[in-house]
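What follows draws every value from the coordinates through simple rules; no lab data is involved. Source: prediction; values computed, not measured. All Cβ positions, glycine included, derive from the backbone under ideal geometry; neighbour counts span all protein chains shown.
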């Protein structure tokens, strides 16, 4: 049951991250006086990595572990490129979509 809760938290965080990554650039077009803070992305990464780490210890499906690891690596590359080099790498979109898909698949494989 605890793993189902982790999947729900993971899906929620990944969806919020994806919404943030899609909507925020659109909001920057409108002159509202807001700017991008890469530490928000880092917070999403830390939450996602913590949930993925806990799920990796519980799941036995190797292909699902690969989906989670590849997704978190894609997000990490994008976040660290933004933090250290101030360049936007769109890998974060694919990573967030991979986490959402992985969590949904993992959630559906639980015994109800």
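Quick one: compute the contact order of the range 34-94, relative version, from alpha carbon pairs under 8 angstrom and 6+ residues apart, as a percent.
32
How compact is the chain by the rule of thumb for globular proteins, expressed as Cα Rg over 2.2 N^0.38 Å?
Dividing the Cα Rg of the chain by 2.2 N^0.38 Å gives 1.11.
Give me the angle, in degrees from 0 to 90, between the Cα long axis of helix 38-58 and the longest principal axis of the Cα atoms of the chain, rounded to the nearest 10.
The answer is roughly 10 degrees.
Taking the 0 to 90 degree range and rounding to the nearest ten, how far is the long axis of helix 2-29 tilted relative to the main principal axis of the chain, both from C-alpha atoms?
20
On a full-extension model of 0.36 nm per residue, what is the gain between residue 110 and residue 40, subtracting their alpha-carbon distance, rounded to one decimal in nm?
Extra length available between residue 110 and residue 40 comes to 22.1 nm.
In percent, how large is the relative contact order of the chain, given Cα pairs closer than 8 Å and 6 or more residues apart?
37
How far apart, in nanometres, would the label points at residue 4 and residue 63 be if each is projected 7 angstrom from Cα along the Cα-to-Cβ direction?
2.4
Could you give the length gained on full extension between residue 81 and residue 94, defined as 0.36 nm per residue of separation minus the Cα-Cα distance, in nm?
Fully extending the segment from residue 81 to residue 94 adds 3.1 nm.
Rounded to the nearest 500, what is the chain's calculated 222 nm mean residue ellipticity when only DSSP H runs of at least 4 contribute -39500 (n - 2.57) each, over all residues?
-28500 deg cm²/dmol
Nearest 10 degrees, 0 to 90: what angle lies between the long axis of helix 91-108 and the longest principal axis of the chain (Cα atoms)?
For helix 91-108, the angle is close to 30 degrees.
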